[in-house]
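**Q** What follows is a structure written as structure tokens; I'll ask about it next.
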């Protein structure tokens, strides 16, 4: 399997970020909340998409 350069970069950044907090999920969560509160980024919540409804198929009667 070939390695994707973008995926590898994201993984390196994630690793460095987690290491800053000694891999403590609580500390990471608090940092993200503080950064969001300062307006560095925002979490987007979107309404779920409505499922596509397939039109009923017409059955052909043999006869």
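**Q** Taking other Cβ within 10 Å of each residue's Cβ, how do 6, 28 sort, fewest first?
**A** Values: 6 8, 28 15.
Ordered by Cβ neighbours within 10 Å, fewest first: 6, 28.
**Q** What angle, in degrees between 0 and 90 and rounded to the nearest 10, separates the Cα long axis of helix 5-20 from the longest principal axis of the Cα atoms of the chain?
**A** Helix 5-20 sits at roughly 50 degrees to that axis.
**Q** With each pseudo-label sitting 7 Å past Cα toward Cβ, what's the residue 38-residue 20 distance in nm, one decimal?
**A** Rounded to a tenth, the inter-label distance reads 0.9 nm.
**Q** Suppose the chain between residue 52 and residue 4 were pulled fully straight at 0.36 nm per residue; how much longer would it get relative to their current alpha carbon spacing?
**A** Additional length available on full extension: 14.0 nm.
**Q** What's the Cα-based Rg to Rh of the chain, Rh via Kirkwood?
**A** Details: Rg = 23.2 Å, Rh = 16.7 Å.
Dividing the radius of gyration by the Kirkwood radius yields 1.38.
**Q** Run lengths n ≥ 4 of DSSP H only: what is the helix-derived mean residue ellipticity at 222 nm for the chain, with -39500 (n - 2.57) per run over all residues, to the nearest 500?
**A** Here the helix-only value at 222 nm equals -15000 deg cm²/dmol.
Read the figures in this text as sums done on the coordinates, not as results from a lab. What you see is a predicted model, and the numbers here were worked out from it, not measured in a lab. For neighbour counting, all protein chains shown are included, and Cβ atoms are generated from backbone atoms with ideal geometry for every residue, glycine included.
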